[in-house]
Amino acid sequence: MLASEAVPADAQMPFDINFIIRNLPLFGKGLVVTVELSLLAIIAAMIWGLVVAIGRMSQHRALRALAASYIEIVRDTPVLVQMYFIYFGFSMAGFGMTGFASGLLALSLQNGGYIAEIYRAGIESISIKQLEGGKALGMSRWDVMSIVILPQALVRVIPPLANQFIVIIKDTSLVSAIAVAELTQIGKLLMERSAASYEVILTLAVLYLMLTGIVSAMSRLAERQFAIYH
Amino acid sequence: MLPQALIHNFVYLLRGAEFTLLLSAGSIVLSSALGVVVAVLHVFGPLPVRILIEIYVFLVRGIPLLILLFAMYYMLPYIGIDLEPMSGGILVIGLYYGAFMSQVFRGAILSLPKSQWDAARGLGMRWLLMLQIVIFPQAFRIAAPPFVNTCMQLIKSTSLVSIIGLWELTMAGRETVERTLAPFQIFAGVALIYFCICFSLATYGRYLEKRMQYVH
Amino acid sequence: MSIDPLAEPATPLIEISGLTKRFGTNEVLHQISLTVTKGQTVAVIGPSGSGKTTMLRCINLLEEFDDGEIVFDGQPIGYRRDPGGRRRRLPERDIAASRSNIGIVFQSFNLFPHMTVLRNIMAAPVRVKGIDRATAERTARDLLDRVGLADKAGEYPIRLSGGQQQRVAIARALAMQPKLMLFDEVTSALDPELVGEVLAVIKQLAEDGMTMVLVTHEMQFARDVADMVVFMAEGRIVEQGPPKTLFANPQSDRLRTFLRRYHEAYLL
């Protein structure tokens with residue numbers, strides 16, 4: 001079951017940087033797919049998360065319950081299982097979704113739930129007094145929301161959102177299990193074909209660190225920008 | 001219309017769940033032990049140690065768990081290490097989540113007001129005694145809700161080992177789907193089993209959080 | 001409480017000389033020198049930022065200091081001068097030992113919330129001084145009785161009022177049988193009606209002969225209970241003396257201004 005049964009026991013292990021260089025185009029292709037999938041999933045999750053959050057905070061009890069149940073289901077099941085459910089389920093039903101689409105859908109649904117909670121926490125963390133203060137000045141609920149509460153909630157929401165984006169980027173590696181040629185899948189193929197597992201793992205690690213590092217840096221920049229307005 | 005395929009194979013899935021729980025338990029023990037040690041070192045250790053720990057946390061935050069599982073699967077044989085699949089899984093997941101656990105414990109230790117340290121030191125307590133009777137008891141209580149949450153994430157992560165061929169709930173699900181060709185039913189069943197485990201934990205975590213607000 | 005003039009010459013319990021502390025470029029304490037004799041009650045007053053709390057916390061090394069010496073009961077605290085004249089930090093063991101003989105009570109009580117009142121008081125004597133549990137418990141209950149809280153032994157701190165928590169804090173400090181008690185603005189965080197019960201306990205302690213240094217805003221209390229009042233401002237001791245003369249006849253402008261403002265605020 002382990003690779004040790006398939007690989008010759010006397011394989012060598014010097015570090016071969018040429019291997020990496022030779023396969024850069026291949027890594028590049030995988031990276032592009034990973035970035036595409038991540039970006040689309042992030043945008044979709046942010047939008048879907050907003051929808052769910054509105055439902056979660058609505059005045060109607062049934063809507064709130066529905067949204068809450070949705071969030072709970074999506075948070076208490078592994079995203080890999082959700083991907084399998086969509087990918088194998090729909091292909092069997094003749095609806096044939098690609099691995100990319102299944103992965104995108106699963107990532108959006110799951111992270112939409114998490115992001116809805118992030119939005120909710122951000123808004124609820126702004127003291128209820130602000131809402132009352134705005135109303136006392138004669139503002140409508142909607143006005144108070146958009147002018148007083150949302151701008152403040154935005155700052156609080158940036159760090160956990162950035163964190164969730166990083167989770168999304170890392171979870172794109174899972175679509176390698178449903179035959180999507182993203183970064184991890186490329187790496188897996190390379191490792192199966194050659195003995196350069198160390199080089200491949202290193203390259204994958206560095207590339208993912210780059211992606212997540214960019215998100216972290218942008219988040220810190222955004223936080224600083226918003227802090228100026230305070 | 002009953003989900004026949006799921007009902008016939010449910011016991012098989014439950015056996016897979018057994019392995020999931022075994023894998024999770026082992027990983028939770030390892031990551032918690034590691035987490036406590038790393039947290040204490042992160043708070044009290046000398047600068048070079050703290051820098052190393054920051055690097056450790058940075059790496060875990062930025063690298064997907066799957067990559068590390070692949071590393072174990074593809075790389076270890078070359079070094080001549082031949083691990084049993086379950087032990088290998090526990091090792092990788094345990095080391096990975098050790099970083100998250102350490103952040104949980106560190107956060108809890110640091111959240112204690114400085115005045116508690118003052119009081120303990122003022123009474124002539126030394127470092128080890130302070131930790132034992134003043135800091136840790138309080139920190140563990142504070143850490144309980146995020147700890148339970150992290151355990152939940154860990155359990156969900158065990159599903160990844162199915163990708164490198166380890167047999168547990170998700171793998172059992174895939175096998176069953178190949179046999180029965182009823183993906184919706186079977187994976188829904190798999191999701192249901194995960195849900196039962198994780199929902200209980202999530203509820204317990206929320207209960208712990210409520211209790212904390214009452215005490216502090 | 002006044003010292004009997006016919007008694008033996010007062011033995012110094014604390015000798016502070018040249019105490020200096022810096023926060024970056026800011027000098028928070030400048031060449032402080034102070035001697036406290038056995039049985040003496042010293043009140044330290046002054047405006048906020050004068051460094052009085054910092055000085056108090058240096059005595060049991062809860063704050064580090066950059067220069068000067070503190071000698072407690074003949075032993076240096078925190079640092080000593082080696083034969084070559086260099087400043088060397090004492091081992092943690094010695095520092096902890098000194099601390100176990102000095103009791104400190106804080107403004108925010110700082111009781112251990114996860115322990116009962118009784119355990120709060122007993123924990124240190126048992127674990128630090130190695131006193132057996134039976135004796136420690138007897139002492140603890142005795143102290144609780146002295147501060148008027150005998151019936152609260154099994155309660156958790158969160159169920160007590162501020163004044164009660166502070167009295168437990170005093171009992172906790174006393175349980176270590178300290179030679180010196182330090183009080184850091186112990187009534188400032190209390191509701192006015194709870195202040196009296198705490199001051200009563202402290203007054204009794206003073207009458208029983210405990211050596212005490214109190215940082216306080218309670219001028220009335222300082223006047224009634226202290227043997228000596230020390231006035232600090234901007235990190236220096238500006239004036240010191242018996243309360244009667246200090247309050248009635250302030251020598252420095254700084255003290256005069258301080259007292260006048262205080263009179264205006266509290267109609268002393």
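The numbers here are math on the coordinates, done by the rules we state, and not lab data. These figures come from a predicted structure and were not determined experimentally. No Cβ is skipped: glycine too gets one built from the backbone with ideal geometry, and neighbour counts run over all protein chains shown.
Taking other C-beta atoms within 10 Å as the exposure proxy, C:Lys129, B:Lys156 rank C:Lys129, B:Lys156 from fewest upward. Comparing mean-square fluctuations of B:Leu59, B:Leu14, B:Leu123 from a GNM of chain B with C-alpha springs under 10 Å, the top value falls on B:Leu123.
Mind giving me the nanometre distance, one decimal, between the label points for C:Gln31 and C:Arg260, set 7 Å out from Cα along Cα→Cβ? It works out to 2.8 nm between the two label points.
Each of B:Leu181 and A:Glu124 was given a label point 7 Å from its Cα along the Cα-to-Cβ line. The distance between the two points is 4.7 nm. Charge tally for A:Ala68 (other residues, Cβ to Cβ under 11 Å; Lys, Arg +1; Asp, Glu -1): +3.
With contacts taken as Cα pairs under 8 Å at a separation of at least 6 residues, chain B carries a relative contact order of 33 percent. Take C:13-25, B:161-173 and order them by the average number of nearby Cβ atoms within 10 Å per residue, most first; the result is B:161-173, C:13-25. Distance from the alpha carbon centroid of segment B:131-165 to that of segment C:80-122 works out to 34 angstrom. Count Lys and Arg as plus one, Asp and Glu as minus one, and take only other residues whose Cβ is under 12 Å from that of B:Ala172; the net charge is then -1. Among beta bridges identified by DSSP and lying wholly in the protein assembly as shown, the antiparallel ones come to about 60 percent. Using r as the Cβ-Cβ distance of C:Gln204 and B:Leu47, and R0 as 51 Å, what FRET efficiency do you calculate, to the nearest 0.05? Efficiency for this residue pair is about 0.55. Estimated from helices alone, the mean residue ellipticity of chain B at 222 nm is -27000 deg cm²/dmol (sum of -39500 (n - 2.57) over DSSP H runs with n ≥ 4, per residue). Here A:Ser140 and A:Arg61 are evaluated by their C-beta separation; at R0 = 25 Å the FRET efficiency comes out at 0.60. Taking the Cα centre of each part, how many Å lie between segment B:70-101 and segment B:110-128? Centre-to-centre (Cα) distance: 39 Å. Projecting the Cα positions of C:Pro83, C:Val117, C:Phe106 onto the charge dipole of segment C:1-159 (unit charges on Cβ atoms of Lys, Arg, Asp and Glu, taken about the Cα centre) puts C:Val117 furthest along the positive direction. Helical runs assigned H by DSSP (4 residues or longer) give chain C a calculated mean residue ellipticity at 222 nm of -11000 deg cm²/dmol, each run adding -39500 (n - 2.57) before division by the residue total. Among A:Ala101, A:Ala41, A:Ala195, the largest mean-square fluctuation in a Gaussian network model of chain A (Cα springs under 10 Å) belongs to A:Ala195. Estimated from helices alone, the mean residue ellipticity of chain A at 222 nm is -25000 deg cm²/dmol (sum of -39500 (n - 2.57) over DSSP H runs with n ≥ 4, per residue). For A:Lys188, the shell of other residues with beta-carbons less than 15 Å away shows a net charge of -1, using +1 for Lys and Arg and -1 for Asp and Glu. Running a GNM on chain A with Cα contacts under 10 Å, which residue among A:Arg56, A:Arg22, A:Arg64 ends up with the highest mean-square fluctuation? Its mean-square fluctuation being the largest, the pick is A:Arg22.
Remark: the A:Leu39-A:Ser91 segment gains 16.3 nm on full extension, using 0.36 nm per residue and subtracting the alpha carbon distance. For C:Lys21, the aspartates and glutamates whose Cα comes closer than 14 Å to its Cα, not counting residues fewer than 8 places off in the same chain, are C:Glu63, C:Glu64, C:Asp66, C:Asp67, C:Glu69, C:Glu234.
Kindly flag which residue pairs out of B:Lys156/B:Lys210; A:Lys170/B:Lys210; C:Lys152/C:Lys203 have an alpha-carbon separation exceeding 26 Å in this structure. Among B:Lys156/B:Lys210; A:Lys170/B:Lys210; C:Lys152/C:Lys203, the Cα-Cα distance tops 26 Å for A:Lys170/B:Lys210. Annotation for B:Val37 and C:Leu90: the two label points, set 7 Å from Cα along the Cα-Cβ direction, are 3.6 nm apart. A Förster distance of 22 Å, applied to the separation of the beta-carbon atoms of A:Arg224 and A:Ile21, puts the FRET efficiency at 0.05.
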